[in-house]
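Structure record follows, encoded as C-alpha cells.
The values are calculated or read from the model by the stated rules, or taken from the named source; none is laboratory data. Quick caveat: nothing in here was measured; it's all calculated off a predicted structure. Backbone-built Cβ (ideal geometry, glycine too); neighbour counts: all protein chains shown.
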Amino acid sequence: MTDYCVHCGRIAVAFNDLNQPVCPVCRSKAPKEISCDICSAMMIVKQGKFGSFWACSGYPQCNNSMSVKKQLMKNWKK
Ligand SMILES: [Zn+2]
Ligand SMILES: [Zn+2]
C-alpha cells in the first residue's frame with residue numbers, strides 16, 4: 001500500500017516519531033499536528049488496509065477520520 005507524506009503528499013518512504021508517513025524531504029520536519037473538525041481533539045495517524053489515515057484521538061466517542069490525501073486537499077482549499 002502506498003502511503004503519502006502527511007506534509008506534502010509525495011510518496012512516503014519513512015515514518016516519523018508519531019508514525020506519520022513522510023517523504024525524504026519532510027523526514028526531518030516536526031510531526032504534523034491537526035485537530036478534529038468535530039470535537040477539536042488531536043487527530044492521530046493510523047495504518048489501515050487502504051493506507052495511513054487520520055483518526056480522531058477521541059474515538060470511540062468521536063468517529064471522525066480522513067485519508068492523508070483528503071486532509072492535504074482540505075488545506076489546499078483554504
Ligand atoms: Zn513531504
Ligand atoms: Zn473528534
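Listing for the model above:
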{"quantity": "Ala12 vs. criteria within 16 Å of ligand 1 (Cβ to nearest atom), closer than 17 Å to Leu72 by Cβ, modelled with pLDDT of 95 or more and surrounded by 12 or more Cβ atoms within 10 Å (Cβ to Cβ)", "calculated": "yes"}
{"quantity": "Restricting the range 25-42 to residues that are of a type in the set (A, V, I, L, M, F, W, C) and closer than 16 Å to Lys74 by Cα, the residue that is farthest from ligand 2 (Cβ to nearest atom)", "calculated": "Ile34"}
{"quantity": "Filtered residue count, the range 31-55, keeping only those that are in contact with an Asp or Glu (Cβ under 9 Å, 6 or more places away or on another chain) and assigned to a loop (DSSP other than H, G, I, E, B)", "calculated": "1"}
{"quantity": "One residue from Val6, Val45, Val22 being within 16 Å of ligand 2 (Cβ to nearest atom), modelled with pLDDT of 95 or more and either surrounded by 12 or more Cβ atoms within 10 Å (Cβ to Cβ) or within 10 Å of the chain's Cα centre (by Cα) (or both)", "calculated": "Val45"}
{"quantity": "Every pair of residues 6+ apart whose Cβ atoms lie under 6 Å, when the first sits in the range 3-31 and is free of Cβ contacts under 8 Å to residues at least 12 places away in the same chain while the second is among the hydrophobic types (A, V, I, L, M, F, W, C) and more than 9 Å from ligand 1 (Cβ to nearest atom)", "calculated": "Pro24/Val13"}
